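Each value in this text was obtained by applying a stated rule to the coordinates, not by laboratory testing. Keep in mind it's a predicted model, so treat the numbers as computed, not measured. Heads up, the Cβs are rebuilt from the backbone with ideal geometry, glycines too, and the neighbour counts pull from every protein chain shown.
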Amino acid sequence: MKKLARRALAGLGVALAALLFAPAFASAAHAEDEPPTDAVVVTVPMTFDCSTLTPSGRAYAIANNLDVCGVLSQDETEPGTITPYNTVYGDCGSASVSISSYGSGKAYIWWEIESSTGPIITYNTTLYYNGSNGSNSRGYSGWWPGNSADDAAIPYLGAGWANAQLAGNVETLLASCVIGNPSSSAYIYS
């Protein structure tokens, strides 16, 4: 009985420590919610892949008066251009990225995705960046309970011109969205 009580107390202690120290262990990327005021934010549209529209997604679009993939048209035709891979694209939100100097050769890179077709279920993005110190990338994935998600990174890129680009896809309540690969450039100061 004593062993069980000790285990329960130890488990409770671990849970309390996790709650108390979670903010201290949070990613430095979440330290800032928005890019610095001097950063130039580049925003491009996300495109909607109508071939992934589910029946529940179609019902959500109709219930919320979202005219995507022709769900509100009389003849159920899908607007847009059909590619050789039989994919029809349309607008489903936007993706943004910005880069600015953070000082000492570091860059502040911020990105955001916003859905205009319902809540984001999951996202899988990659942030590509390069500068005088070379090229690198960082993946971001997960689920998000709202219509937008964002994050930031503060990598060392060295002094000089640097670039950042966002790529990937987003799964909304309706279907898949493809990020339009926004990119931004800035001079990074030493």
Hey, can you grab everything whose amide H is under 5 Å from the amide H of G93? Only 5+ residues off in sequence or another chain; H modelled, so Pro and N-termini drop out.
-> M46, S116
I62-Y156 pseudo-label distance in nm [points 7 Å out on the Cα-to-Cβ vector] | 5.8
Taking the highest mean first, how do the peptides 129-139, 163-173 order by number of other beta carbon atoms within 10 angstrom per residue?
-> 163-173, 129-139
Computed lengthening from V40 to S132, 0.36 nm per intervening residue step minus Cα-Cα distance | 31.1 nm
For T52 and D91, compute 0.36 nm times the residue count separating them, minus their Cα-Cα distance, and round to one decimal in nm.
-> 12.6 nm
Counting only residues 5 or more places away or on other chains, whose amide H sits under 5 Å from the amide H of I121 once H atoms are built in the peptide plane?
-> E171, T172, L173
Between S176 and residues 5 or more places away or on another chain, the pairs with built amide H atoms under 5 Å apart involve D49, T52
Karplus 3J(HN,Hα) series, Hz, for the range 101-112 with 6.51 cos²θ - 1.76 cosθ + 1.60 (x for Gly, Pro) | 6, 10, x, 6, x, 9, 10, 9, 10, 10, 9, 8
Averaging 1/r across every pair of distinct alpha carbons in the range 117-190 and inverting yields a Kirkwood hydrodynamic radius, in angstrom, of 13.4
Sorted from fewest to most neighbouring beta carbons within 10 Å, what does the list D67, D150, D38 look like?
-> D38, D67, D150
Residue-wise, which Karplus ³J(HN,Hα) couplings in Hz belong to the range 53-68, taking 6.51 cos²θ - 1.76 cosθ + 1.60, θ = phi - 60°, and x for glycine or proline?
-> 5, 8, x, 5, x, 4, 5, 5, 4, 5, 5, 9, 6, 9, 8, 10
Can you run phi through the Karplus equation (6.51, -1.76, 1.60; θ = phi - 60°) for the range 159-171 and list ³J(HN,Hα) in whole Hz, with x for Gly and Pro?
-> 6, x, 6, 9, 10, 9, 9, 10, 9, x, 9, 9, 9
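So how do 41-54, 97-110 stack up, highest first, on mean other-Cβ count within 10 Å?
So the peptides 41-54, 97-110, ranked by packing, come out 97-110, 41-54.
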Can you tell me the FRET efficiency between W143 and Y187 if r is taken as the Cβ-Cβ distance and R0 is 45 Å, rounded to the nearest 0.05?
-> 0.80
